[in-house]
Amino acid sequence: MAAPFLLATELDNIGIVTLNKAHKRNALDEDAIAEIDAYFSNIPEHIRVILMKAEGDHFCAGLDLKEHHDKERGAVDFLRVCQSWHRAFDKIEHGGIPVIACLQGAVVGGGLELASAAHIRVADSGTFFALPEGTRGIFTGGGATVRTAKIISPNRMIELMLTGRVLDAVEGERLGLAHYVCNNEANPKTAYELSLELAQRIAGNALLSNYAIVSSISRIADMSATDGLFAEGLMAAVVQTGRDVQDRLGEFVNKKAHKVKPTK
């Protein structure tokens, strides 16, 4: 029996999921997508944040091209494959639980689509990003035209796909593909160390506030301005009447809460 693609462990209220096919650069085949879908469909109730990382030198090199070549799928069959990716990655982005992607090495093609579904992306300094579909004679099918294009702009995505250009971690951060770059002079921590620190900090937020942030903002961005403002007001009304709001606001009023200060 083949080893599972996804290994799931826990650290207190943080779920840690690990891509586990380092020998294939964690390429995504049908079984891998099914495992991702299954985990994000049944997240344990006590989990407040999920940290997604990978074994080996690479986060994910994208679609398993060997499987794709060997199956010689027709148009309808491959449309169904794309829809299975969309369902799985939608559950990451819209599941109501903050997801941090800890990146290293290749974040390429479908791997970038997977990373784009996460809410925070922390990259090692050796991370690189690419959308090589144009050079492979294929097209993105795991949501890049929606998620990745929204991050870097449709025009930038077109250029990357046409040219096959590879972005290093610094340029990836500049374009928004990574929020943090680690293991360098400015930030000597490893990507995993910083990812875990962020996960622990986010786990301490109000549960309802976290849910609203990861569930509402991307959806509101797809609305008209009028609808978006109304939806924002509705969500604010729900969150502001949550059970622990008064306690947290009371800490601020009584000068017990931390103050927002610039970082040094």
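The values are calculated or read from the model by the stated rules, or taken from the named source; none is laboratory data. A quick note: this is a predicted structure, and the numbers were derived from the prediction, not measured. Note: ideal-geometry Cβ built from the backbone for every residue, glycine included; neighbour counts use all protein chains shown.
Key figures for this structure:
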item	result
Number of the condition not met by Lys261 [criteria: (1) modelled with pLDDT of 90 or more; (2) outside the structural domain of Arg48 (by TED's automatic domain parsing)]	(1)
Residue within region 72-80 that is under 25 Å from Met157 (Cβ atoms), in contact with a helix residue (DSSP H, G or I) (Cβ under 9 Å, 6 or more places away or on another chain) and at pLDDT below 95 present	yes
Boolean, Ile217 is closer than 26 Å to Phe89 by Cβ, surrounded by 15 or more Cβ atoms within 10 Å (Cβ to Cβ) and modelled with pLDDT of 90 or more	no
Any chance Leu162 is crowded, with 24+ Cβ neighbours inside 10 Å and of a type in the set (A, V, I, L, M)	no
Selection status of Lys66, in a helix (DSSP H, G or I), under 24 Å from Phe129 (Cβ atoms) and not aromatic (Phe, Trp, Tyr)	yes
So Val122, is it touching a Phe, Trp or Tyr at 6+ places or on another chain (Cβ under 7 Å), of a type outside the set (S, T, N, Q), crowded, with 22+ Cβ neighbours inside 10 Å and on the phi < 0 side of the Ramachandran plot	yes
Flag for Ile158 being over 16 Å from the mean Cα position of the chain (by Cα) and either in a loop (DSSP other than H, G, I, E, B) or over 19 Å from Tyr39 (Cα atoms) (or both)	yes
Residue within region 170-179 that is surrounded by fewer than 22 Cβ atoms within 10 Å (Cβ to Cβ) and touching a Lys or Arg at 6+ places or on another chain (Cβ under 7 Å) present	yes
Residue within region 178-185 that is assigned to a loop (DSSP other than H, G, I, E, B) and out of contact with any helix residue (DSSP H, G or I) (no Cβ under 9 Å at 6 or more places or on another chain) present	yes
Exclusive hit being surrounded by 14 or more Cβ atoms within 10 Å (Cβ to Cβ) and at pLDDT 95 or above, set Asp12, Asp37, Asp57	Asp37
Residue in region 129-139 that is touching a residue at least 12 places away in the same chain (Cβ under 8 Å), among the small types (Gly, Ala, Ser) and assigned to a strand (DSSP E or B) present	yes
Selection from region 184-212 of residues that are within 15 Å of the chain's Cα centre (by Cα) and surrounded by fewer than 18 Cβ atoms within 10 Å (Cβ to Cβ)	Tyr192
Residue list for region 113-139, restricted to those being touching an Asp or Glu at 6+ places or on another chain (Cβ under 6 Å) and at pLDDT 95 or above	Ala117, Phe128
Residue within region 86-100 that is within 19 Å of the chain's Cα centre (by Cα), of a type in the set (Asp, Glu), under 20 Å from Ser195 (Cβ atoms) and assigned by TED's automatic domain parsing to the domain that holds Ile120 present	yes
So Ala32, is it part of a helix (DSSP H, G or I), crowded, with 19+ Cβ neighbours inside 10 Å, assigned by TED's automatic domain parsing to the domain that holds Ile97 and free of Cβ contacts under 8 Å to residues at least 40 places away in the same chain	yes
Flag for Ile152 being under 27 Å from Met223 (Cα atoms) and either in contact (Cβ under 8 Å) with a residue 60 or more places away in the chain or more than 15 Å from the chain's Cα centre (by Cα) (or both)	no
